[in-house]
Amino acid sequence: MSKINQLIQNHCPAGVEYKKLEDVLTIKNGRDYKQFGDGDVPVYGSGGIMTYINTAVYDKPSVLIPRKGSLDKLYYVDTPFWNVDTIFYTDIDTSLVEPKYIYYYLEGQHLERLNKAGGVPSLTQAVLNKVQLPVPPLEVQREIVRILHIAYSGAASGAASGAASEKETV
């Protein structure tokens, strides 16, 4: 039995509870940044970092979710940042969920399928707030994040054999 299965069996024998995103985080809109000076705080749009300024809108771990354009490009940010109106940021209730767990879960959900626009792909807070996610105990979430971090790091660095063996025990 894998460590995750063991943790789930020990901590939630009746199964894992599902919650809506709105129950574990608050989605916030981005804003214009042009009134600020140059600096070292990254400004995110749906395509990634656009520039750097001297003011942060948020300084805690967050998952950035595109609102317009490249809906499949989520970002996990754990340093101060600013975001423009083409991407949402999330204020995450860390007593319920690990921010990186949210990131990995949403990455696998292909949010682009929730597109409601005919032209430029778009997501709304109303649609995102209703997305359901499994919310195991924090200890289980941390183990899932640890394993996925190893898997993604291994794939990125070319050490796929270590990541593959780790994945098999999940």
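Annotations for the structure displayed:
- Once the chain from ASN29 to THR94 is taken as fully extended at 0.36 nm per residue, the excess over their C-alpha distance is 21.4 nm.
- Computed with a 1.4 Å probe over protein heavy atoms only, the accessible surface of the chain comes to 53 Å² per residue.
- Across the accessible surface of the chain, with the other protein chains kept in place and a 1.4 Å probe, carbon and sulfur atoms take up 49 percent.
- Distance between the C-alpha centres of the range 9-63 and the range 80-149: 9 Å, rounded to the whole angstrom.
- Degrees, to the nearest 10: 138-157 long Cα axis against longest axis of the chain: 70 degrees
- Shape class for the range 48-104, computed from the alpha carbon gyration tensor (a ≥ b ≥ c): oblate, with a/c not under 1.5 and a/b at or below b/c.
The values are calculated or read from the model by the stated rules, or taken from the named source; none is laboratory data. No experiment lies behind these values; they were computed from the predicted model shown. Ligands, DNA and RNA are excluded from the accessible area calculation, which covers all protein heavy atoms including side chains. Shrake-Rupley method; radii C 1.70, N 1.55, O 1.52, S 1.80 Å.
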